[in-house]
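Every read-out reported here was derived from the displayed coordinates using simple, explicitly stated rules and does not represent laboratory data. Keep in mind it's a predicted model, so treat the numbers as computed, not measured. Note that we place each Cβ from the backbone using ideal geometry, even for glycine, and neighbour counts take in every protein chain shown.
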Amino acid sequence: INKTTGPLSLSVPPPFPAKCVPVNLARYSGIKVAMGAFFAGFGRDMRFNFFMVRSLGMMLGAGNLFMTTISGTGMVFLAGGGTVIQKFLAQGEEYIIASDAFMAAEASVDISARKTGGCGVMCCGGEGLVNTVLKGPGMILFQSMDATKAALNYVTVTQKGDGGGGGGGGG
């Protein structure tokens, strides 16, 4: 509790090594946010609504059965791993991304899923079953490395061995 008479500072880091993306709710109230992307915010009338997605296509497209909308005024901060890209879609424009790349979309953006391809691509191509289809108009945010991928990248794996290695000699 702030018991001083003056303002204080507060630092809130994202939950994994990530880019901090500020979103102004005065402009993007009702923004749809991927689970795990929100990490901080401020505002007087901020509301979070967690809901079950309305269709299998949206569930597969968003990569989760549940989604969050954030409404009100103030600022929210989203965490995005790797490269974070903001794009503004025109009316009817579609953008197709990997499902784990989805971070957020303006309320006006439709989210659905589309098959990645035939059986060979789905099973052996490493592309998964579906991609996320984002259809404008509106702002979208996506990332190259979600929290799960980031965590796996930062895990140190130690191998058991004979303990050899060491120096390689000089010369």
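Counting just the Cα atoms, what span does region 6-51 cover along each of its three principal axes? Round to the nearest Å and put the largest first.
For region 6-51, the Cα spread along each principal axis is 36, 28, 18 Å.
Listed here are the pairs 87/149; 115/135; 87/135; 19/135; 19/87; which of them are more than 19 Å apart at the Cα?
Result: 87/149; 19/135 exceed 19 Å.
Quick check on packing: order 101-108, 10-17 by the mean number of other C-beta atoms within 10 Å, highest mean leading.
101-108, 10-17
If Lys and Arg each add +1 and Asp and Glu each add -1, what is the summed charge of the other residues whose beta carbon sits under 14 Å from the beta carbon of residue 30?
0
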